[in-house]
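All of the numbers you see were taken from the coordinates with simple rules; none came from a lab. Nothing here was measured: the structure is a model prediction, and the numbers come from that model. Glycine also receives a Cβ, built like all others from the backbone with ideal geometry; neighbour counts cover every protein chain displayed.
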Amino acid sequence: MIARLKSKMLTAKQVADYFLTLVDSEAGDALSNLKLQKLVYYAQGFSLALTGEPLFAESIEAWQHGPVVPALYRSLKQHGSEPVRPPEDGINRDDYPEAVRDLLDEVYSVYGQFSASKLRNMTHDEAPWKEAMAVGASIPINKVTMKEYFSTLVNG
């Protein structure tokens, strides 16, 4: 099990920025807004499963193309489906405790290999998104449902 992830909660943008710093553009890797949304969703889900605590406070909503953090979407929508560039000044690694970096590195290692459309399709098969979409689009995804679902992935 992983130690408590943080003393100070991150924002969804900080989580996305961390993922952007992991991109190997020389190898042809890139992250679109859509793919970042899914990686941020997976990071939140595994944080809930492993620690019982969210990485960030913003809600994740069930949208047509999968889970989305609306504020993060709005901050990145000018990129359309094009790659999002890493923050010009990088990130302050001190904002990310080691346990958080380990979690984000693992999420990127496992899920970063998939295309945005593959991640979209994966989330459409998962209980948290399906449950929220059964109520209607733009409904917040329940964190308890996320914790329960991701706990099944962690525990077998």
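Each of N92, Y73, L55 was placed along the dipole of the chain (beta-carbon charges, centred on the mean Cα), and the one lying farthest toward the positive end is Y73.
The 3J(HN,Hα) values that the Karplus relation (6.51, -1.76, 1.60; θ = phi - 60°) gives for the stretch 49-66 are, in residue order, 5, 7, 10, x, 10, x, 6, 9, 7, 4, 7, 10, 10, 8, 10, 3, 9, x Hz. Gly and Pro appear as x. In a reduced charge model with +1 at each Lys and Arg Cβ and -1 at each Asp and Glu Cβ, the chain shows a dipole moment near 420 debye about its Cα centre. Histogrammed with a bin width of 5 Å, the alpha carbon distances of the stretch 1-75 distribute as 3, 15, 26, 23, 17, 11, 4, 0 percent, first bin at zero. Extension gain for E131 to S75 (0.36 nm times residue separation, less C-alpha to C-alpha distance): 17.5 nm.
Taking amide H atoms as placed 1.01 Å from N in the peptide plane, the amide H of I139 lies under 5 Å from those of A62, each 5 or more residues away in sequence or on another chain. Here the Gaussian network model covers the chain, with springs between Cα atoms less than 10 Å apart; of V135, V100, V23, V135 fluctuates the most. What share of Cα pairs, in percent, lie more than 26 angstrom apart in the stretch 13-154? Here the tail beyond 26 Å accounts for 17 percent of pairs. Measuring r between the beta carbons of S25 and A99 and using R0 = 30 Å, the FRET efficiency lands at 0.65. In the stretch 95-149, the alpha-carbon atoms span a convex hull of 118 Å³ per residue.
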